[in-house]
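The values are calculated or read from the model by the stated rules, or taken from the named source; none is laboratory data. Quantities reported herein were computed from a predicted structural model and do not represent experimental measurements. Every residue, glycine as well, gets a Cβ built from its backbone with ideal geometry; the counts of neighbours run over all protein chains shown. Heavy atoms of the whole protein, side chains included, go into the accessibility calculation; ligands, DNA and RNA do not. Shrake-Rupley method; radii C 1.70, N 1.55, O 1.52, S 1.80 Å.
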Amino acid sequence: MEYIKELVSNKALIAALAAWFTAQFIKIIINLIQEKKLDFGLIMSSGGMPSSHSATVCALCVAVARIYSLSSELFAIAVVFAFIVMYDAAGVRRAAGEQAKVLNRIVEDLAKGNTEYMEKNLKELIGHTPFQVIIGAILGVFIGFILPV
């Protein structure tokens, strides 16, 4: 039980999780406005606006800075981790999503809609545009600042 008490009192973890949940919830709201349907499955999806990856790591950075200071090694680790995650979200994963779009189009063109050798289309929305990453980062920084430490 002591482990659970320690876990739920971890302010940096709470900030990161709150930012992730907030970003995912915003995706549901945006989808509701755009598509006129409520899709709670988006709570566990990747890609889209805002980037929950950016929000999570930026909230973590801010919380670590507030708890341990900007000069701490933990803050340095959090910042490097955040840049790697955001670069990956906007770069590598976005490129993989673009490749999935092309492959899906090829399969549709070749089979005229019959993709019997594929069980389902590839997931195309796995990365983020730079704008989505920036908005996610701003959201994370905001949440990191408003939560008490």
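Ranked from highest to lowest mean number of other Cβ atoms within 10 Å per residue, what is the order of the peptides 5-17, 45-57?
Ranking, from highest mean packing down: 45-57, 5-17.
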Quiz item: Considering the dipole of the chain built from charges on the beta carbon (Lys and Arg +1, Asp and Glu -1) around the Cα centre, which of 69, 140, 12 is farthest to its positive end?
Solution: 140
Self-check item: Per residue solvent-accessible surface (Å²) - segment 1-57, probe of 1.4 Å
Solution: 62
Quiz item: Using 0.36 nm per residue, how much length does the chain from residue 81 to residue 95 gain when fully extended, once their Cα-Cα distance is taken away?
Solution: 3.0 nm
Exercise. Summarise the accessible area of the chain (1.4 Å probe, protein heavy atoms) by the percent that is carbon and sulfur.
Key: 69
Quiz item: Between residue 138 and residue 9, what length in nm is gained on full extension when 0.36 nm per residue of separation is reduced by their alpha carbon distance?
Solution: 44.0 nm
Practice problem: Between residue 129 and residue 103, with labels modelled 7 Å along Cα→Cβ, what's the label distance in nm to one decimal, could you check? | Solution: 2.4
Practice problem: Would you compute the Debye intensity of the chain from its alpha-carbon atoms alone, equal scatterers and no solvent, and pass along log10 I(q)/I(0) at q = 0.12, 0.13 Å⁻¹ to two decimals? | Solution: -0.59, -0.67
